Structure formats: structure tokens, C-alpha cells
Amino acid sequence: MKLQPINLLLLLSVVLVCACEKVIDVDLNESDPQLVIEARLQQGQHDFEVLISQTVNYFSNEAPAFRNDAQVRLLDNTGTSIDIPLVNDGLYRANVEAVSGQTYTLEVTLDDTRYLASAEVPVPVELRELESEFREAFGPLDEGYQVFLRFTDDPQRKNYYRQIHAIDGIYELAGEDLQVTDDNLFDGSENARLPIFQRAFDPGVTLTVILQHIDEGSFEYLNSLSDIIGEDGGPNSGSAAPGNPTGNWDGEILGYFGAFTADTLQIELPE
Amino acid sequence: MHKTILLITLLSPLLAWAQGEKVTLSGYMKDASNGEDLIGATALVSNLDGVGTTTNIYGFYSLTLPAGEHQVAFQYLGYQVKLINLDLKEDLQLDVELVPNSQVLEEVVVTAEKADQNVTETRGSVTKINVREIEAVPVLFGERDVLKVVQLNPGIKSAGEGSSGFYVRGGGLDQNLILLDEAPVYNPSHLLGFFSVFNSDALKDVTVYKGGMAAEYGGRTSSVMDIRMRDGNSKEFSGQGGIGLISSRLTLEGPIVKDKGSFMVSGRRTYADLFLGLSSDESTSNTNLYFYDLNLKANYRLGESDRLFLSGYFGRDNFGFGDDFGFDWGNATATLRWNHLFSNKLFSNTSLIYSNYDYEFGFGQGDDAIGLESVIEDWNFKQDFTYFPNDRNTVKFGANLILHTLEPGNLNAGANSGFTAEDAEEKYSHEAAIYVQNEQQLNERLSLNYGLRYSFFDYRGEGTAYEFDDLGNLLSETRYESGESIQTYGGLEPRLSATYLLNSSSSMKLGYNRNYQYLHLLSNATSSTPTDVWVPSSNNVEPQIADQVSLGYFRNFKDNMYETSVEVYYKDMQNVIDYRNGANLFFNEEIEGDLVYGDGRAYGAEFYLKKTQGRLTGWVSYTLSRTLRQFDEINNGEEFPARQDRIHDFAIVAMYDLSPKVKVSANFVFNTGDAVTFPSGRYTVDGVVAPYYTERNGYRMPNYHRLDLGVTWLRKKTEKWESSWNFSLYNAYGRENAFSIDFQPSEDDPTVTEAVQLSLFKWVPSATYNFKF
């Protein structure tokens, strides 16, 4: 759980001092384009997508550069391989059945180099219930409903979770919505209660919440990614170790290959 | 006739022996107005060249001289010299009281000759703060603060706006040992670093050793900040205090038995939340935000050779929003000391020290509540001896043992919270040291302070030891019983300081020290937050080691009116700690797997000029320095600048007596920016825009500069009552110094990214009414 005690310093600054902001000029270096390959495999019969792109200079206005010249294959642990063909700019897709407990390997061949990453598909975890609680405003949070996910955590192993939510059908994807957690604080709990962090929801909205049970590689990657992403789409200036996230590719490239299971529930918040 | 000759013959060896006999002059030097012990005061024998000594922390001096007539000058900066003619035939115990200059009513003030102490004393790399001097230095919110003033000196850099932490000669925030009457203070910051926990009304002496620290100190690799509380007026009841915009303070002191014992109680509290309560914004008015400090000291002389001291400090910060969220933290320290004079040459001090730092925060109430508490607690038993064998040597030796208990996280979870209440494991360790050192005057020009310290650390059970692979993945866990040793470390720490007097007003000083550090602070943010985690050395974490060498040239001008110095240093650090990407420092039992270890080096030159006399006084300090780190796992293993690598650091402090009643002061600081990591590219992953980094700390924050102004207006001064007003303006020209820089989509055009800088303070005025009785 990445409980950043709500950047207390900023809280305090709101209260006591000027907290003045202004736009300044910062000269950033340019960088050679670096390859980014991301893919997520969902348990069961689903479309499996692989997105291949490249980095651009930080202040540049260019559209992201996609790679349409890759060979992509998904291998299961018996050696059977499935080709994933190109369907759109940088997007490769095929319909695949992924089995819990099995390890799959993703192979991408590009520029005469072969990149490999593996992930084990987790077992499904049921999202049993959604709870809501009205909270008064405090700090940066307006007043509103805090929502909690209820599920059972398996005490036999180390588990990792991700939660995604949509308000009235629209998915929230800001920096702080990238919420992944390990089971440190509720290990083995039969009635684990996980809040949707840093969000207060308005009365009357319909919330769609997805609880994902993710593999360790996804957690490592998304956890280090959420550490470097600040609010408003920029980097997190308060990160202790700013660096590129720890992916599971065997080469010096960005992105990751992860596996997950998902369960969804909806809750309509009272007026 | 024959009888007379026989008598003379028989007596002559006696006479000859009497001629060569040595006697010891010893005693205490005190302030005549309030009985406070004078630390580092000198007793100089005027008729013997180069013979003299200085008082120790308790004001005790001991001088072994040939029997006969001597004139001894007792002196201390800021006090009237006392010349005493003595005809010493046997050992003499002589306590001396010196009158402070401020008490002298005549026009002519005889200033102490020992004003050249910065040139002659055997130690370089030292910054001494005269607590009375800092009264005029303007600081944030009008609070006089020793930690802030210390940062205006060369080699000591502030950790940034909003932080009380500091870096000494390129070292990290946790590498400074801050001692309050021998008790370590783990978090010297209030209110997220805007104020320190030290109420300067309660303090007597602050000395910061940036290098060359004597063998009696150990435990941290970069510096020792030795803070001594005042003992309290042993002659009459007195008090002082102040009422200000943000905080108020009151100190009461007096004798327990006149001239035998005294006490001091000093308290301070802020009340920022009283103003917040007036806000119409509900989230603001429900906020509580306050801190308090309480310093207590008592001492009593139990006869000629024994003295007992008790010091305590308690402080707490409280920050919360209504019933929903609460966050508090604080330090508690207590020291019980017994001074004993075994002889007039052997002084002993035995201390029992307790120190506790804890923080606690909680969300929600009742069954839904979640609370997390973290504690670090020390018990320290310390024995120190000072032996004055002759007029050329002062020997110190001793030992100490510290029992550390770290509770990294105790979780309290309500039944409905869904969190399983499980305390993180406590960590136990013992830290011990023995040392011996000698301060020796070799001849009129050369004096040395050399010593050896041996330190030892034992990380022990009850507890679990974790083993990780190179990537930080957990390999195994091993349980240890209570008292079982999990890992031990130890090392020799040689120390050396040498001063060579070129002439009466200039000297060269050389210093070398090796220090081990066994406790480490893992800090997650730009400014030190109270939730920083202390970890002990273990089977995974090795002790930090630093070796430092320094060389300085000290020169005084115009009869000690101007003090100047230039010092260069080089520091080599081993086993410094940093984090893997995405490291989780919060309530993580396996945190050691998220740490990476590397080396560091720092070097620089410090320039200092001080004017000590006249209507205009003050100092200028400039430091040119670098501090670099190297980790295999970071920046592709290439050396990179540490965050605190501020290459130019400049400060000027000036105080001017406009009239006998009005004193104006100003300080100006300038430093080049911290090293910071900015991205060189970006990409989209998982629907979010991610920064692409090509190096660590490859950029610099903008330059920081600021001017503070202050005025002290003495309203009334009589024998019974003194009052003054102090007005100060922090950041007089309102410069928006960058606290952090974020990259965000522009408000006007979301397709354009811009860099936005956040500043904390613009103009901050304050007014304080101070009084003394």
C-alpha cells in the first residue's frame, strides 16, 4: 500500500504560507527514442493486447511514435505459441485463453532483437461487496463518499491487487488512480477492506469498481510507476528514487508484461 | 657554627625538593551574575609562557604548576578578565566567578584576551554558537533558532525551506548526532521542519564539530552538534519570555539552595491553530496545529566533590483535522548525571540517558479507525573521565553502552477497518564504545588532540533476519530468540587534530577522523518528514563509515576584531544507502530488500570572516563544495551528484547597534540549487503519461536567495526588568524560491507541457515582545 500521508507539507502550506505557483523555463535534454512494450494478460477467454511505442522528448508536441514492424508471439508453458497480429497503430491483438496458475511468455522481435518477459496468471479473487461511507471534507479531499472494497485475501501466499473505477461509466485514469497494493496490512484477512484512496465521490453517482488480482511482476512495475507519476500528468517531484519503473523485460526497454484476474461490482451512491 | 652548617646541609635537599615541587590549582569558573558554569573558559598563567588550561563542560579546570608565585588570568569571551595573584605552596581549590561585560557599568571594558581562541584552540572544523549572539539574528516567524543560525555558517547547509535538517560537509541528514545534554534527539524538527525543538532560552552552549571530532564522540559520520542546557540561576530567581504572533515562551529559573543548586524550567507553545479556528473554511477551522517544548534542568552540589544533574526535554507536535485524521510526534529525553572529583586532577562524570522519539497517526474513529505508531528508544549508560596530569596534557577516557529499541510500526486497527492489527517486529541492538584521547601542548607552537575510539554494534533478537537476492527478492527468513546475536560489527576510529601557531594571531590546523554509524535514516521526501524510518545495521545493512581529512588556516586581524579562516576538507563515505525504484518505506518488514548500498565522496573549501567588536558585528561565510554518490544500481553505476550538492553556498549576517536601545540586523543567503532528477522524455503506458529518465540528479533547481531583516528595540532596562520588541521580516524582497518543480499540462493548452514551480514563503513578518526579570 502506498499510503503517502497526503503530502503533509503541501497540506500545511495551504494552511500557513503562500504556496505560490508560477510557470518557469526549464531546459530539458533530448533523448534517443526508447522502446516501450506493454501487455496485460487476463485470465479466461479474452482479447490479449500488446502495445509497442517509443519515447519522445519531454516537451515535444509530437504524437507518440508507434512500432508496426514487430513480430509478437505468446507462448504457454507447454511451448505452444500464438501469433499476435497487428491490428492498429502499435497495437497487436488476438483472442486468447489464459489459465490460472500457468506461466506465459511474451516474445517480441523487433530490429533484429528478441525481447522476452514472463508472467504467471493469478487465481480469481471475488470482489464480494462495495461499501460507502460519507466523510466530511479534510485536507485536499472534498466531502463525499469514501468507497471500500471487501474481499478475502489468501493467507498462504503473497498477493497483489489493483483497483480501477469508473464514475457513471467513465474510467478515472489520473496519476493517483493508479492504485496497487500488496497484502501487508490485511494479510490473510477473510474480510479485507481496501479503500479507494484519495477519492471522495459525489452523492448519486454510479460507481463501477474493478478489483484485479495481479501478479508480482505487475505489482513491481505499477508500484514503481505510481511512485514516479505525480498529479496532473507530470512526474512526482517528491519521489525518493526517481528512475524508470522496474519492468520484467529481459532487455533495457520500458514497459512490462503482466497477468491478472478481474471482478467487477457496481454501487449507486445515495443522494 | 657547626650546627648551622649541619642544619643547612640537612635542609638543602629539602629546599631543592621544594623548589621543584608541583602544586595543583583547580576549581570551577562561573558566571558571577547567575552562577552558570562557563564552558571552555581559560585559566592562563601570565608569568609562564604557554601554560594554561580550559574548563570542561561542567566549568571545571585543573592546572598543575611549579610551586611559587604566579599571576593567573581567568578569562572568557564576553566577560571581564580576572587577574589573581597567587603564592602557591600546596594544592589549592579556587572557584572563580567572572562578571559578564553586559553587567559592567563603566565605560572602559577590559576585553578578554582569549578572543583569539579560534586561532589557538586545538581543533579546526568547529562552529561555536554564542547563544546570546543569536538573539538578534532574524529567522522565520520571529523564532530564534539555533539550528537555523548554525546553517548560516560555512560547511553547514540547510536542508531547504521548511526543514530543520541540515547537511554537514556533504553528508546526509541522518549523519549528524544532535545531543541535548548528552541525549540524542532523533527528530529535531517541529512543524515539518519550520522550527527546531530547541528553545534557545534554555540553552547555554552549542558547538558543532564538522570534522576532527575528538574520540569522546561517535555514532554518526558527519557531525556532532553538542547542545548544553543552562543550569539555571543559582543566585536569585529570574525569568524571561516572549509573546509572539505564532508562539510564546516562558523560562523560570532560580536557586534550590543559593550557590549550591539551581533549577530551570522553560516552555514554549505555538498557537497557529487559534488563528485557523477563525477561518470560515470548515476544513481549515477544524484543523489543529500546535507544538510545545518543555525543558527542565536541576542540579545540586552534594559537598565538595560531588554534583548531581537532571535534565529533561519533552516536546510534541500535533496536527490533525477534526476527528478524522490525527498526526502527532515528539521527542522525550532525560539525562541523570553525577560529577565526581576523585582528586583535583581526576574528574569523572557518570550519565544515565534516556531518549525516545515516536510518531503516531490515525484515520477515522471507533471500529473503523486505523492507527500506526512508530517508536525509537535508547537507554545509554556513559562513563567519562578527565585526567589533568600536568600543564601540558589533558587526558580523557571512557566508555558507553546504548540499548536501542526500534519499533518500526505498531498497527492499531478497529474491528471493522478490514486491516489485520499486527505490529511490525521490534528491532533490538546494542551499541558500545570505549575511547581514550589526549590533548597535548607539545611546545609553544604545536598542540595536538589525538585519540582512538573503538565502537561495537550488535544486532540481536528477538527478531527475524531476512536474506535477499541481488534484485531484492526475499530468499529466506530466520528467527532469532531474545538476546541471540544476529550480526555484529565493530571498528577502530582514530582521531587526530593538530594546531600549529604560526604567530600569535595565526595558525594552521590539520584534522583527521574516522567515524562509524550504525543507525540509518530512510527518508522518503524532499524535506524530512516525521514518518522517516530509522533502521539499525543488520545482516543486510552494513555500518556507514566516513574518513575525513581537513586543513585550515586561521588568522585574526586588528587585535582579534576580525576572525578569518579558510578550511579545505575531503570526506570519503562507505556504505551509504539509497532506494530501489518504487521502494516502499512504509510499514514494510522486508524493507532491507528495497535498499541499495554505495559510496560517496565530498570535498570543499570553506571561507569565513567574522567581525566581533564594534557597533557593526557579524560574519560572512562562503562554501565551495561538491558531494557525489555512486551505486551500482542507480544511474547505470555512474557517479552522480547527491541531492545536497549545492556548489556555492553563501551567507552574510550583519548586526548593527543603531543606538544603545536599537539594534538592526540583516541576513542574506544565496545558494545554487540542489541536484534534482528531471525526465528527458515521456511515453504513455497503461493510459498514463510516464516520464522517461536518462540519469539521476542530472539537473539543478534554480538558485535560492533571500534577505531577512530584523529590528530589536530595547524598551526598558532596569535591575528588575528588561523588555524589548523584536520585529522581523523573513524574505524581505519576497523572492519566490523554488520548493519543488512539477511538469503539468498547461492550463491554456492541455497539449503543451510546462514546468511549474511551487514556493512556500513570500514575505513573512513577525513581532515578538520579549522580557527578562
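Report yes if residue B:595 is hydrophobic (A, V, I, L, M, F, W, C) and farther than 30 Å from residue B:662 by Cα, otherwise no.
In short, yes.
Of all residues in the range B:677-715, which are more than 8 Å from chain A (Cβ to nearest Cβ) and of a type in the set (A, V, I, L, M)?
Residues satisfying the conditions are B:701, B:707, B:709, B:711, B:714.
Can you name the residue in the range A:50-107 that is within 14 Å of another protein chain (Cβ to nearest Cβ) and hydroxyl-bearing (Ser, Thr, Tyr) and is also farthest from residue A:24 (Cα to Cα) among such residues?
In this case the residue turns out to be A:53.
Which one of these is crowded, with 23+ Cβ neighbours inside 10 Å and under 14 Å from the mean Cα position of the chain (by Cα): A:194, A:185, A:173, A:225?
Answer to the selection: A:225.
Of the residues B:768, B:718, which single one is among the β-branched types (Val, Ile, Thr), more than 7 Å from chain A (Cβ to nearest Cβ) and surrounded by 21 or more Cβ atoms within 10 Å (Cβ to Cβ)?
That would be B:768, the only listed residue that is among the β-branched types (Val, Ile, Thr), more than 7 Å from chain A (Cβ to nearest Cβ) and surrounded by 21 or more Cβ atoms within 10 Å (Cβ to Cβ).
Going through the range B:584-613 one residue at a time, which ones are hydroxyl-bearing (Ser, Thr, Tyr), more than 14 Å from every other protein chain (Cβ to nearest Cβ) and part of a strand (DSSP E or B)?
Of everything in the range B:584-613, those that are hydroxyl-bearing (Ser, Thr, Tyr), more than 14 Å from every other protein chain (Cβ to nearest Cβ) and part of a strand (DSSP E or B) turn out to be B:603, B:608.
Residues that are crowded, with 18+ Cβ neighbours inside 10 Å: find the strands (runs of 3 or more DSSP E) completely inside the range A:74-139 holding 1 or more of those.
A:86-88, A:91-98, A:103-110, A:113-120, A:129-135
Of all residues in the range A:197-222, how many are under 16 Å from the mean Cα position of the chain (by Cα), among the charged types (D, E, K, R) and in a loop (DSSP other than H, G, I, E, B)?
Residues that pass the stated criteria total 1.
Just checking, how many residues over the range A:182-196 are closer than 23 Å to residue A:156 by Cα and assigned to a loop (DSSP other than H, G, I, E, B)?
Residues in the range A:182-196 being closer than 23 Å to residue A:156 by Cα and assigned to a loop (DSSP other than H, G, I, E, B): 6 in total.
Please tell me if residue B:581 is of a type in the set (S, T, N, Q) and away from chain A (no Cβ under 14 Å).
Criteria not met by residue B:581.
With surrounded by 20 or more Cβ atoms within 10 Å (Cβ to Cβ), at pLDDT 90 or above, within 18 Å of residue B:686 (Cβ to Cβ) and not hydroxyl-bearing (Ser, Thr, Tyr) as the only criterion, which of A:234, A:243, A:230, A:217 stands out?
Going through A:234, A:243, A:230, A:217 in turn, just one is surrounded by 20 or more Cβ atoms within 10 Å (Cβ to Cβ), at pLDDT 90 or above, within 18 Å of residue B:686 (Cβ to Cβ) and not hydroxyl-bearing (Ser, Thr, Tyr): A:217.
Residue by residue through the range B:560-579, note down the ones that are over 23 Å from residue B:374 (Cα atoms) and either touching a residue at least 40 places away in the same chain (Cβ under 8 Å) or crowded, with 21+ Cβ neighbours inside 10 Å (or both).
Answer for the range B:560-579, where residues must be over 23 Å from residue B:374 (Cα atoms) and either touching a residue at least 40 places away in the same chain (Cβ under 8 Å) or crowded, with 21+ Cβ neighbours inside 10 Å (or both): B:560, B:561, B:562, B:563, B:564, B:565, B:566, B:567, B:569, B:571, B:573, B:576.
I'd like to check something: does the range B:392-406 contain any residue that is of a type in the set (Phe, Trp, Tyr), part of a strand (DSSP E or B) and touching a residue at least 40 places away in the same chain (Cβ under 8 Å)?
yes
Could you pull out the residue among B:732, B:738 that is under 33 Å from the mean Cα position of the chain (by Cα) and under 30 Å from residue B:249 (Cα atoms)?
On inspection, the qualifying residue turns out to be B:732.
Looking at (1) closer than 30 Å to residue B:730 by Cα; (2) surrounded by fewer than 18 Cβ atoms within 10 Å (Cβ to Cβ); (3) in contact with a Pro (Cβ under 8 Å, 6 or more places away or on another chain); (4) not aromatic (Phe, Trp, Tyr), which one does residue B:697 not meet, given that it meets all the others?
Going through (1) closer than 30 Å to residue B:730 by Cα; (2) surrounded by fewer than 18 Cβ atoms within 10 Å (Cβ to Cβ); (3) in contact with a Pro (Cβ under 8 Å, 6 or more places away or on another chain); (4) not aromatic (Phe, Trp, Tyr) one by one, residue B:697 breaks only (2).
Can you list the strands (runs of 3 or more DSSP E) lying wholly within the range B:442-491 that have 2 or more residues being under 31 Å from the mean Cα position of the chain (by Cα)?
Passing ranges, in order: B:446-460.
Regarding residue B:224, is this residue more than 18 Å from residue B:130 (Cα to Cα), touching a residue at least 40 places away in the same chain (Cβ under 8 Å) and of a type outside the set (Ser, Thr, Tyr)?
Against the criterion (more than 18 Å from residue B:130 (Cα to Cα), touching a residue at least 40 places away in the same chain (Cβ under 8 Å) and of a type outside the set (Ser, Thr, Tyr)), residue B:224 does not qualify.
Just to be sure, is residue B:651 in contact (Cβ under 8 Å) with a residue 12 or more places away in the chain, within 14 Å of chain A (Cβ to nearest Cβ) and closer than 29 Å to residue B:601 by Cα?
So residue B:651 does not fit the description; no.
I'd like to check something: does the range A:258-270 contain any residue that is facing chain B (nearest Cβ under 9 Å) and modelled with pLDDT under 90?
Among the residues of the range A:258-270, not one is facing chain B (nearest Cβ under 9 Å) and modelled with pLDDT under 90, which makes the answer no.
Which of the residues that make up the range A:220-249 are farther than 13 Å from residue B:696 by Cα, of a type in the set (Ser, Thr, Tyr) and more than 7 Å from chain B (Cβ to nearest Cβ)?
Those that are farther than 13 Å from residue B:696 by Cα, of a type in the set (Ser, Thr, Tyr) and more than 7 Å from chain B (Cβ to nearest Cβ): A:221, A:226.
Looking at B:683, B:704, which is the one that is of a type in the set (Phe, Trp, Tyr) and more than 30 Å from residue A:36 (Cβ to Cβ)?
Of the residues listed, the single one that is of a type in the set (Phe, Trp, Tyr) and more than 30 Å from residue A:36 (Cβ to Cβ) is B:704.
For the range B:160-174, state whether one or more residues are assigned to a helix (DSSP H, G or I) and either among the β-branched types (Val, Ile, Thr) or more than 26 Å from residue B:386 (Cβ to Cβ) (or both).
Yes, some residue in the range B:160-174 is assigned to a helix (DSSP H, G or I) and either among the β-branched types (Val, Ile, Thr) or more than 26 Å from residue B:386 (Cβ to Cβ) (or both).
Can you tell me which residues in the range B:37-58 are outside any strand (DSSP E or B) and surrounded by 23 or more Cβ atoms within 10 Å (Cβ to Cβ)?
B:38, B:41, B:55
What about residue B:358, is it surrounded by fewer than 22 Cβ atoms within 10 Å (Cβ to Cβ), within 14 Å of chain A (Cβ to nearest Cβ) and either in a strand (DSSP E or B) or modelled with pLDDT under 75 (or both)?
So residue B:358 does not fit the description; no.
Kindly check whether there is at least one residue in the range A:21-31 that is farther than 30 Å from residue B:735 by Cβ and either more than 9 Å from chain B (Cβ to nearest Cβ) or at pLDDT below 90 (or both).
yes
Looking at residue A:189, is it out of contact with any helix residue (DSSP H, G or I) (no Cβ under 6 Å at 6 or more places or on another chain), within 10 Å of chain B (Cβ to nearest Cβ) and not basic (Lys, Arg)?
yes
Which of the residues spanning the range A:223-241 are of a type outside the set (A, V, I, L, M), touching an Asp or Glu at 6+ places or on another chain (Cβ under 8 Å) and within 21 Å of residue B:642 (Cα to Cα)?
A:235, A:236, A:237, A:239
Return the residues of the range A:142-181 that are more than 8 Å from every other protein chain (Cβ to nearest Cβ), in a strand (DSSP E or B) and among the charged types (D, E, K, R); say none if nothing qualifies.
A:162, the sole residue that qualifies.
The values are calculated or read from the model by the stated rules, or taken from the named source; none is laboratory data. Everything numeric in this text was worked out from a predicted model, so none of it was measured. Neighbour counts run over all protein chains shown; Cβ positions are idealised from the backbone, glycine included.
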